[in-house]
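For reference, the structure discussed in these notes is given below.
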Amino acid sequence: MSMDRRSFLRVSAVSAAGMLLRIDPLKGKESAEDPTESTEPLKPKQLKRDGARPETWITPNETFYIQSIDETPPIKEEKARFTLTGMVEKERRYHLNDLKEMTPVKEYRTLSCIGDPVGGRQIGNAEWTAVRLRDLLKEAKPIPEAKRVVFSCADGYITSFPLKDALDKNMLLAYEMNGVQLPPDHGYPVRLLNPGKYGQKCPKWIVSIQLVKTEHRGFYEKRGWSDVAAVRTATRVGLPSRLDRLPAGKYKISGSAFDGGNHGGIEKVEVSVDSGATWNDAAIWASASPLTWSLWEYEWEVGSALKYARILARAVTRDGKTQTDKVEHAGPEGATGYHTVEVRIES
Ligand SMILES: Nc1nc2c(c(=O)[nH]1)N[C@H]1C(S)=C(S)[C@@H](COP(=O)(O)O)O[C@H]1N2
Ligand SMILES: [Mo]
C-alpha cells in the first residue's frame with residue numbers, strides 16, 4: 001500500500017523538525033530520550049513508522065508502528081501460504097484458509113521494539129485473531145533431535161528460537177489485527193506473536209517454519225542484538241511531551257507501562273513531577289493481561305510558581321521489583337532507565 005510510504009515520509013518530516021529542539025534549553029545539553037538515536041541497522045529502503053501518542057487502549061492499525069528491514073512484500077491471496085518442515089514426522093504446507101478453519105484465539109497483545117530508546121514510540125497494542133503455533137507443531141510431530149525453530153519471511157528476514165518456546169500455549173500465529181485481515185505492513189498473511197519477547201522475535205510475512213537441531217542466528221541476532229530479546233520493564237510518559245508548555249492548574253499526565261509478562265505484569269506505576277525526589281501513585285485505567293501494556297494516568301496540580309518541571313515515571317512489577325533506573329541503551333538487550341520529560345510551565 002502506497003499510503004504507508006507517504007505517511008512514513010510525513011512522520012519523518014515531523015521528527016526532523018522535532019530535532020531542531022534537540023538541544024535542551026533547560027539543561028543546555030542533549031536529552032537522553034531522543035527518539036532518533038535508535039541503533040537498529042538501517043537498510044536504504046527500511047520502512048519505519050512511529051506509533052501515535054497519547055496511547056489509546058487499542059492502537060489503530062493506521063497508526064501502529066512499523067519496523068521492517070525493507071519494503072512490504074506484495075503477497076497475493078493465492079500465495080498466502082507457508083510450509084512447516086525440517087525435523088518433523090509430517091511436513092505440511094498451510095494456506096491462510098487452513099488456519100481460518102481452526103478454532104480462533106482472540107487476544108490483546110502489545111508489541112514493542114528492542115531498538116527503541118527509553119520512552120520511544122515503537123510500541124502498540126492490538127486485538128489479534130490467531131491460532132496456537134503448538135497446535136500445528138503437534139500435528140507435525142517434531143522428532144526428538146529437533147531443538148530450534150527457524151522462521152523465514154518473504155522480505156528475507158529470518159529469526160529463530162528454541163522449540164520449547166515455540167510450544168508455549170501463548171505463542172500465536174496471527175492472521176487478523178483489530179478485526180481485519182492482517183494489514184500488508186504488519187505481516188499478511190501470517191505473523192508471529194511471541195509472548196514476552198520484543199518484536200524482533202515476532203516475524204511477519206512467514207513463508208517457512210523449519211525445525212532444526214543446530215544453533216541458528218537470525219537477521220538482527222547476527223548483527224549483535226540479543227538472541228533472547230526478552231522484554232524489559234519500561235514505562236513511557238505519553239503526555240506531556242518534552243518542552244510542552246503546560247498551563248498552571250490540573251493536568252493529566254498519562255502513559256503506558258509494559259514488562260511483557262516477564263515479571264508477572266505491572267503492579268503499579270509511580271510518577272514524579274519533581275525530578276525524582278518524590279513519587280506518586282498513578283491510576284492504571286486499562287490492562288488485559290501481563291502480555292498487554294498497562295495504561296495509566298496521574299492528575300497533577302501544576303503550581304503557578306513553577307517555571308519548569310522534570311517528570312519521570314516508573315513501574316513496579318507483580319514480583320515486587322521496581323523498574324531499574326540504570327540507564328542502558330537499546331543495544332543489545334533493550335533500553336532501561338526512567339523516561340524523563342521536561343516541560344515548561346506558563347506563568
Ligand atoms: N519479516 C519481518 N518480520 C519482522 C521484521 C522485519 O523487518 N521483517 N521486523 C521485526 C521487528 S524489529 C519488529 S519491532 C516488529 C514490528 O512489527 P510491526 O511492524 O508490525 O509493528 O516486526 C518484526 N518482524
Ligand atoms: Mo524491532
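The values are calculated or read from the model by the stated rules, or taken from the named source; none is laboratory data. Computed from a predicted model, the values in this text were never measured in an experiment. Virtual Cβ from ideal backbone geometry, glycine too; neighbours counted across all protein chains shown.
Return the total of residues in segment 151-192 being charged (D, E, K, R) and within 11 Å of ligand 1 (Cβ to nearest atom).
Here is the first cut: in segment 151-192, the residues charged (D, E, K, R) are 155, 164-165, 168-169, 176, 185, 191.
Checking which are within 11 Å of ligand 1 (Cβ to nearest atom) leaves us with 155, 185, 191.
Residues that pass the stated criteria total 3.
Which residue out of Ile123, Ile143 is aliphatic (A, V, I, L, M) and buried (at least 20 other Cβ atoms within 10 Å of the Cβ)? Before the answer, list the steps.
Numbers: Ile143 fails: buried (at least 20 other Cβ atoms within 10 Å of the Cβ).
After applying the criteria, what remains is Ile123.
Looking at segment 285-296 only, could you name the residues that are free of Cβ contacts under 8 Å to residues at least 40 places away in the same chain and either surrounded by fewer than 18 Cβ atoms within 10 Å (Cβ to Cβ) or not in a strand (DSSP E or B) (or both)?
Our first condition is that a residue be free of Cβ contacts under 8 Å to residues at least 40 places away in the same chain; within segment 285-296, this holds for 285, 287, 290, 294.
The answer is Trp285, Ser287, Pro290.
Pick from segment 232-247 the residues that are more than 30 Å from Gly265 (Cα to Cα) and part of a strand (DSSP E or B): which of them is farthest from the chain's Cα centre (by Cα)?
Looking at residues that are more than 30 Å from Gly265 (Cα to Cα) and part of a strand (DSSP E or B), I get Pro247.
Here are the criteria: (1) buried (at least 18 other Cβ atoms within 10 Å of the Cβ); (2) at pLDDT 95 or above; (3) touching an Asp or Glu at 6+ places or on another chain (Cβ under 9 Å); (4) of a type outside the set (Val, Ile, Thr). Tell me which single one Lys213 does not satisfy.
Unmet condition: (1).
Could you give me the residue pairs with C-beta distances under 8 Å whose first residue belongs to segment 248-264 and is part of a loop (DSSP other than H, G, I, E, B), whose second residue is hydroxyl-bearing (Ser, Thr, Tyr) and surrounded by fewer than 20 Cβ atoms within 10 Å (Cβ to Cβ) wherever it lies, and which are 6+ apart or on separate chains?
Taking only residues 6 or more apart or on different chains, the pairs are Ala248/Ser304; Ala248/Ser347; Gly261/Ser289.
Check off (1) within 10 Å of ligand 1 (Cβ to nearest atom); (2) buried (at least 19 other Cβ atoms within 10 Å of the Cβ) for Pro195 and give me the number that stays unchecked.
(1)
Could you look through segment 63-83, keep only residues that are of a type in the set (S, T, N, Q) and within 16 Å of ligand 2 (Cβ to nearest atom), and pick out the one that is farthest from Leu47 (Cα to Cα)?
If we take residues in segment 63-83 being of a type in the set (S, T, N, Q) and within 16 Å of ligand 2 (Cβ to nearest atom), then Thr72 is farthest from Leu47 (Cα to Cα).
On the given criteria, is Pro60 more than 16 Å from ligand 2 (Cβ to nearest atom), closer than 20 Å to Leu47 by Cα, exposed (fewer than 14 other Cβ atoms within 10 Å of the Cβ) and not aromatic (Phe, Trp, Tyr)?
Answer is yes for this residue.
Among the strands (runs of 3 or more DSSP E) lying completely within segment 82-145, list those that include at least 3 residues that are within 16 Å of ligand 1 (Cβ to nearest atom).
Here the list reads 105-112, 123-132.
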